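The values are calculated or read from the model by the stated rules, or taken from the named source; none is laboratory data. Note that this is a predicted model, so its numbers are computed, not measured. Please note: Cβ atoms are built from the backbone with ideal geometry, for glycine as well, and neighbour counts cover all protein chains shown. SASA here: full protein model, heavy atoms, side chains in, ligands and nucleic acids out. Shrake-Rupley method; radii C 1.70, N 1.55, O 1.52, S 1.80 Å.
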Amino acid sequence: MRSSNPLHEPAAHLPDGVQMPMLGFGTWQISGEQCRRAVATALGAGYRHLDTAAMYRNEAEVGQALVDSGLPREDVFITTKLLPADAARAREALEDSLAVLNVPSVDLYLIHSPPDEGGPGIWEQLLAAREEGLARAVGVSNYSIDEVDELIEATGVAPAVKQVRWAPSVHDPVFLAESAERGVVVEGYSPFRSSDLEDQTLGAIADAHDVTPAQVVLRWHLHHDIVVIPKSVTPQRIRANADLFGFSLTADEVARIDALAG
Ligand SMILES: NC(=O)c1ccc[n+]([C@@H]2O[C@H](COP(=O)([O-])OP(=O)(O)OC[C@H]3O[C@@H](n4cnc5c(N)ncnc54)[C@H](OP(=O)(O)O)[C@@H]3O)[C@@H](O)[C@H]2O)c1
């Protein structure tokens with residue numbers, strides 16, 4: 001049974017009853033001891049969702065931090081991603097990732113980016129891996145709606161999740177609506193790297209709630225039902241980025257943030 005933790009909820013509902021915590025911890029561009037320490041801090045701060053990838057070369061440290069935390073495997077949602085170069089051997093690549101992570105399965109396996117060719121064939125490999133229990137859910141990253149539709153047309157199965165860059169500056173309500181129509185959960189990456197945290201609108205809204213602009217950006221993702229996976233190696237920021245559930249944005253504030261889209 002899961003331990004009581006507010007960061008288990010809210011969760012996005014994926015097929016087959018899989019629950020994906022709306023807030024996760026990103027691990028791009030951190031490796032080695034720095035990665036292990038950051039993930040340990042994140043788990044200590046209550047994050048129960050980790051985002052890694054074969055490309056990040058830190059799956060071993062992510063897995064080690066999970067073991068060191070003493071948390072039950074089923075308490076932590078783990079996503080990893082297929083290297084584009086491994087497209088022809090997707091199942092074996094997933095098995096490699098599982099071995100390095102030191103887990104029998106992941107919660108979500110994503111195609112990291114659309115391949116030059118053979119998209120539906122790779123998607124079929126992921127669906128088969130899911131059937132075998134190697135991943136509880138499968139999805140894609142950096143795919144357009146047309147590319148998602150190609151997978152649905154070929155197999156009849158939509159990706160459970162689509163991970164894409166998301167922030168107020170690139171907010172796209174049409175993309176969200178089209179994803180929802182297809183039953184695809186949107187997961188946003190690079191919430192800060194795609195934002196101007198000095199922006200006056202974000203600053204004014206942050207002041208009104210006695211929080212930081214970074215917290216406003218993350219809260220805004222949650223308002224739009226977008227799973228969000230901020231990264232930090234700074235313990236104070238790791239904790240602050242998870243401290244999102246003591247305030248909420250008004251409809252007017254959300255509209256002002258939406259209007260920052262370029
Ligand atoms: N699927 C894909 O193709 C893809 C692409 C990019 C990212 N991702 C995933 O998404 C995750 C997040 O994206 P990201 O790593 O690109 O960038 P991000 O989370 O938007 O930003 C990270 C940067 O923001 C800083 N930061 C963190 N918290 C902050 C705060 N509260 N106030 C001010 N600055 C803060 C961090 O600094 P410090 O670390 O120095 O604190 C770091 O420089 C990645 O780690 C990865 O898991 C996926």
Point to revise | Reference-scaled alpha-carbon Rg (2.2 N^0.38 Å with N residues) for the chain | key: 0.97
Check your understanding: What is the spin-label model distance, in nm, from residue 258 to residue 237 if the labels are put 7 Å beyond Cα along the C-beta direction?
Key -> 2.9
Revision key, fill the gap. If one builds a Gaussian network model of the chain from Cα atoms under 10 Å apart, the most fluctuating residue listed among 206, 53, 135 is 206
Exercise for review: Arrange the peptides 54-60, 149-155 so that the one whose residues have, on average, the most other Cβ atoms within 10 Å appears first.
Suggested key: 54-60, 149-155
Practice item. Taking all protein chains together and a probe of 1.4 Å, list 231, 81 from the most accessible to the least accessible. Key: 231, 81
Check your understanding: For segment 226-254 and segment 17-90, what is the separation of their Cα centres, given in Å?
Key -> 19
**Study point:** Amide proton proximity set for residue 77, modelled H, under 5 Å, gap of 5+
**Key:** 49, 50
**Study point:** Dipole of segment 95-165, positive end: most advanced residue of 120, 148, 134 [Cβ charges, Cα centre]
**Key:** 134
Practice item. Quote the relative contact order of the chain in percent (integer), defining contacts as alpha-carbon pairs under 8 Å separated by 6+ residues. Key: 18
Exercise for review: Output the relative contact order of segment 86-234, whole-number percent, from Cα pairs under 8 angstrom with separation of 6+ residues.
Suggested key: 17
Revision key, fill the gap. Quick numbers on segment 185-239, Rg and Dmax over C-alpha atoms in Å, give 11.2, 31
Exercise for review: For residue 82, enumerate residues with amide H under 5 Å from its amide H, sequence gap 5+ or separate chain, H modeled in the peptide plane.
Suggested key: 110, 111, 112
Revision key, fill the gap. Rounded to the nearest 5, the percent of antiparallel DSSP beta bridges in the chain equals 10
Study note, to complete from the structure: Candidates 207, 86, 243; GNM for the chain (alpha-carbon contacts under 10 Å) flags as most fluctuating 207
Review point. So what is the relative contact order of segment 152-262, in percent, for Cα pairs below 8 Å that sit 6 or more residues apart?
Key: 29
